[in-house]
Amino acid sequence: MSRFPLKRLYTELPVWVVEDHHDVVRHIYRAIASRHLPLQNIKMVHLDSHPDLLIPVNMSADTVFDKEKLFSELSIENWIMPMVYAGHVSCVAWLHPYWAQQITEGEHRMAVGRDSSTTTIRVTSTDDYFLSDGLYVSEKQLENPKALRLNVVKVNPVKQSQSSLTELQSAEGIDRGCAKRGRTECSAGGSNCSEPPLTCTDPLRPAEGSSRSSSNEDDEEGSTSYVLKIISSFLSETEPYILDIDLDFFSCKNPFKELYTEEEYTILKELYSFKGPRPHAAEEELDECVDQRVRQLEDLEAAFADLLEDDGEDTVTRWARNPGMASLTRLVSSLKSRNPCPDYEMVHQAGLTCDSGELPHHISSDEEIDRLISAVQLFLKALPKPTLVTMSRSSLDEYCPVEQVDSVQSRVLAVLENLYGPLDLHRDYENSSTETQDCPFHSSTGNVSALYETDITPAGWTFSIWGVIYTWLTLLVIYTTSYVFRGSWAQTLLPYTFYFCWMANLVLNMIWLLLWDRELMLAALVVLILMVITSCTALFCCCFATDYYGLWLQEYHRKDLFCLRVLVQNGLALYTTWTSIASLINFSMVLHLWGVAKSTAATASLCILFAEVVAW
């Protein structure tokens, strides 16, 4: 029996495509909530030109336990480590192209925990990547430490002669048996394997970036065999894992190089330069190194914040007197010669990328992109099918060239579909907006519904019916409110039960909108059912009143009888009908999140609808 049974299985592989990389966390948490991913010890294969393993410097460690607050704190460079501290992720394989080398190649073991002195998240790794951001603390200083295994693995493009995806699909040089060998028991004759045993020597060796002899392909850094050897050491056939792909893995820009001249960029490197400790440095030396680095970054941040207020000569001269900041004068002079009002906050952000090394910058040709995609296809073919695929475009901030991103995305999706069959594809970036951050609602009801599409979800334009419904209900409220000013006969026309149910329904509607917007589907379903019950009760009370007083109204108040039937009864009937249908769609979503196939969930909802029609 497997040690890692999957509680839920997707019928089709879900692929979430976002714009900013940290937005994938929301979809990972959703998969955890629906039990498609385990709560703890998730493994991630992370293809990216950037590690994304930094930590929000001033974020309280306890923020990870407040989901919505955490989402608002994350950024593209620091979204993985909070999930490690929360206990969700325990193993990360960072697969990087040969031009991205921010972390030392190989396996890294570290603890991620709560710094007892600052209550922030910190890490025990002594790699310059973490030291240069002041994120290191000793393990004895950590509270609630979580172990992280990080494998840094270089991926080189395949040889040009074998980069065609068509050729790769028929290639026999590598297959699943290669990756399974260390994890499954295959007899020498292959009788226990679904596929014939194949040798693990990879004929599709990388054309560039390798420093070793081609005669030893199994150990050649960057080759498919090398990648598989590393990933197979911690990934088994039965374990769920996340395949995360940033499209800048295939072609990457350093957008700051286009914002600043070569001279300005050189000055930034001087200002933000980081000198690491000696190899195997003692704890005291590491602590001193981190303290100095933190002070350096704090001084630079304060300097540029001051320049935002006043970048006059006196301010610049005062800051330039600080140790290591003499070149600030030349930088400000150069910036102001091109722009009288430089964005010093952006300058500081650019400087933070110029510590122990630069951000990677390598705009690939189409041919090289194809060869990298071919390399990825080769090792993915030999790995188990992922549970979830997350993909980041990184084009708005130009880390992936805008002119290439759509082409790269379509080619990568084609590879995934070729490997795993039909995909449950969600283009979340099409619904993203930067204008909703200060609004209680982050998306429209139709956009949220699109994220959880079922087999009975109507077309997006049908959600515009809410505008008709709310207009109708507004007229209903105006009309029924007028009863207060029209004498005792009007006030007794509708019973108190009607008003109670109607007010309760309006409150429930507001609650439902908030729950739906925050994608709390089960709670939204419960509230939606209560909305249907209260609106049905209010409709019954109105129908009873018009039936009881019908003849009297016909004789003395014909206009009121007309308004009761058209505004109140028909308005409530339309509202109740739509909320009933919405509750069935919501019910189908919840069933699917609980692991029920989409078709089965849709059939169950349609059966309930049929029963309601028959009962009516």
Here the gain from full extension of Asp115 to Ile469, 0.36 nm per residue of separation minus their alpha-carbon distance, amounts to 122.2 nm
Taking Cα pairs closer than 8 Å and at least 6 residues apart, the relative contact order of the chain in percent is 17
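Gain in length, Asp424 to His280, computed as 0.36 nm per residue apart minus the alpha-carbon separation, to one decimal in nm? Don't jump to the answer; show the numbers that get you there.
Numbers: separation 144, 0.36 × 144 = 51.84 nm, distance 4.80 nm.
This chain segment gains 47.0 nm when fully extended.
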P(r) of the stretch 274-375 over all Cα-Cα pairs, 5 Å bins starting at 0, rounded to whole percent, reads 2, 10, 16, 17, 13, 11, 9, 9, 8, 4, 1, 0
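Given the peptides 354-360, 250-256, 276-282, arrange them by the average over their residues of other C-beta atoms within 10 Å, most packed first. Mind dumping the intermediate values first?
Values: 354-360: 18.1, 250-256: 22.6, 276-282: 11.4.
Highest mean packing first, the order is 250-256, 354-360, 276-282.
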Computed over the Cα atoms of the chain, the Rg and Dmax in Å are 30.2, 102
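Val484 to Val566: FRET efficiency via 1/(1 + (r/R0)^6), r the Cβ-Cβ distance, R0 25 Å, to the nearest 0.05?
Step by step, r from the Cβ atoms, then E = 0.75.
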Taking a label point 7 Å from the Cα of Gln101 along Cα-to-Cβ, the residues of the stretch 137-159 whose backbone nitrogen sits under 17 Å from it are 152-157
FRET efficiency for Ser233 and Leu551 from the Cβ-Cβ distance with R0 = 56 Å, rounded to 0.05, comes out at 0.10
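For the peptides 303-309, 16-22, what is the packing order when you average, over each peptide's residues, the other Cβ atoms within 10 Å and list the highest mean first?
Numbers: 303-309: 16.9, 16-22: 22.3.
The packing order, highest mean first, is 16-22, 303-309.
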Under 5 Å from the placed amide H of Asp424, counting only residues 5+ away or on other chains, we find Leu13, Val15
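Set the Förster distance to 22 Å, then compute FRET efficiency between Glu301 and Thr329 from the Cβ-Cβ distance, nearest 0.05. Intermediate values should be presented prior to the final figure.
Working: r = 18 Å, r/R0 = 0.83.
According to the calculation, E is roughly 0.75.
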Output ordering of 375-381, 392-398, 67-73 (per-residue mean of other Cβ within 10 Å, highest first) is 375-381, 392-398, 67-73
Cα-Cα longer than 27 Å, checked against Lys67/Lys229; Lys67/Lys381; Lys43/Lys67; Lys69/Lys385; Lys69/Lys269; Lys154/Lys598, kept in input order, equals Lys67/Lys229; Lys67/Lys381; Lys69/Lys385; Lys69/Lys269; Lys154/Lys598
Place a point 7 Å from the Cα of Thr261 in the direction of its beta carbon; the residues of the stretch 295-338 whose amide N falls under 18 Å from it are 327-338
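Nothing charged except the Cβ atoms of Lys and Arg (+1) and of Asp and Glu (-1): what's the magnitude of the dipole of the stretch 446-615 about its Cα centre? Round to the nearest 20 debye.
Details: 6 positive and 8 negative charges, 63 e Å.
Once rounded to the nearest 20, the dipole reads 300 debye.
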Whole-Å distance linking the alpha carbon centroid of the stretch 74-99 with that of the stretch 453-472 is 38
Summing -39500 (n - 2.57) over every DSSP H run of at least 4 in the chain, dividing by its residue total and rounding to the nearest 500, the 222 nm mean residue ellipticity is -14000 deg cm²/dmol
Between Gln40 and Ser356, the two model label points (7 Å from Cα along the beta-carbon direction) sit apart by a distance in nm of 3.1
In whole percent, the Cα-Cα distances of the stretch 1-98 spread across 5 Å bins from 0 upward as 2, 11, 22, 25, 20, 11, 6, 2, 0
Whole-Å distance linking the alpha carbon centroid of the stretch 581-616 with that of the stretch 482-519 is 28
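Since every read-out is calculated from the coordinates, none of them should be taken as a lab result. Note that the coordinates shown come from a computational prediction; the quantities given were computed from them, not determined experimentally. Here the Cβ is made from the backbone with ideal geometry for all residues, glycine too, and neighbour counts use every protein chain on show.
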